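First up is the structure itself, then whatever we jot down about it.
The values are calculated or read from the model by the stated rules, or taken from the named source; none is laboratory data. Please read these numbers as outputs of a predicted model, since none were measured by experiment. Neighbour counts run over all protein chains shown; Cβ positions are idealised from the backbone, glycine included. Keep in mind that these areas ignore ligands, DNA and RNA; they rest on the heavy atoms of the full protein, side chains included. Shrake-Rupley method; radii C 1.70, N 1.55, O 1.52, S 1.80 Å.
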Amino acid sequence: MKRAFIFPGQGSQAVGMGKALADAFPQAKAVFDEVDEALSQRLSTLMWEGPAEELTLTANTQPALMAVSLAAMRVLEAEAGLDLGQHAAFVAGHSLGEYSALAAAGSLSIADTARLLRIRGNAMQSAVPVGQGAMAALLGLEYEAALDVARAAAQGEVCDAANDNGGAQVVVSGHKEAVERAVAIAQERGAKRAVMLTVSAPFHCALMQPAADAMRDALAAVAVKAPAVPVVANVEAAPITDPEAIRDALVRQVTGTVRWRECVAYMAAQGVEAFYEVGSGKVLTGLVKRIATGAASTAIGTPEDVAAFKASLQG
């Protein structure tokens, strides 16, 4: 069976995430300790005790979600004998989840990934003054129709397609007034729903260029290895393995569209029959079910999930 391991992005965080894994498995606890040390912060305490408002700050959310995903991966390796090189055809992640995918595949160290995501979170947050940017979800419009809405709404400002999530769910991002126009135009053009999102910055649009520049510098300073399995990159919707191509894709991802629908469709077309979402929540599991209708989709984030995966691998 061809498998792909996928890693969640922002929006999947919750106070308490990863605690059960850390309590049950020393391998998970070691990952959280490593991330805490890399950031010189007790991020694990914030993750498990809150407050939620502090956890949802982008600079905390990004390394925190990666930590849960990598803790779960280390447990799968120790408890279920998971070997990505043997058991996976691809890895992929949604936005920041691409960093988790690269760390899981051995392309980046956990400590470097934590520090990169802290830089990324801070840079994305500071790229646009608070109140000037916005994002909105357009539901019930296919990608091309949503792109047309974004173009019509721009009117000299920025309004870009940030996420093509599949299942006729597209997120647009840019100047606040342009995004508000996109919501109105989408409703006129038959969207089932068009809603402004509660976000701290307009991610994945041209306004993020200062953050892309910051990530170019940050990525140039860390070691990037060829991953154990190909990583299906957000901006390419195709597999990459070359370290320089990985650096380039991560820089372009900051301002580019997260082509999640195409990423999943590519993996399914290559024969992937089972997708495993590793980390917090089940957002990607739901999206995969809409995109790759014939494939199995399972979330792995708790000790019980680990036990079920171990049984399936041995079965």
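Observations
- For the range 1-16, filtering for residues that are open to solvent by less than 60 Å² (accessible area, probe 1.4 Å) and outside any loop (DSSP other than H, G, I, E, B) leaves 5.
- Within the range 40-58, the set of residues being in contact (Cβ under 8 Å) with a residue 40 or more places away in the chain and open to solvent by 20 Å² or more (accessible area, probe 1.4 Å) comprises T56, L57.
- Within the range 99-153, considering residues that are out of contact with any strand residue (DSSP E or B) (no Cβ under 9 Å at 6 or more places or on another chain), among the β-branched types (V, I, T) and part of a helix (DSSP H, G or I), the one surrounded by the most Cβ atoms within 10 Å (Cβ to Cβ): T113
- Pairs are defined by a Cβ separation below 7 Å, a sequence spacing of at least 6 or placement on different chains, a first member in the range 286-315 that is at negative phi, and a second member that is open to solvent by 60 Å² or more (accessible area, probe 1.4 Å) and part of a loop (DSSP other than H, G, I, E, B); the pairs so defined are A299/K282.
- Boolean, L250 is of a type outside the set (V, I, T) and closer than 15 Å to A101 by Cβ: yes
- Residue within the range 163-186 that is assigned to a loop (DSSP other than H, G, I, E, B), acidic (D, E) and either open to solvent by 30 Å² or more (accessible area, probe 1.4 Å) or farther than 23 Å from E262 by Cα (or both) present: no
- Checking E37, E77 one by one, the residue that is in a helix (DSSP H, G or I), free of Cβ contacts under 8 Å to residues at least 60 places away in the same chain and open to solvent by 50 Å² or more (accessible area, probe 1.4 Å) is E77 and no other.
- Output for the range 137-195, where each listed residue is of a type in the set (A, V, I, L, M) and on the phi > 0 side of the Ramachandran plot: A168
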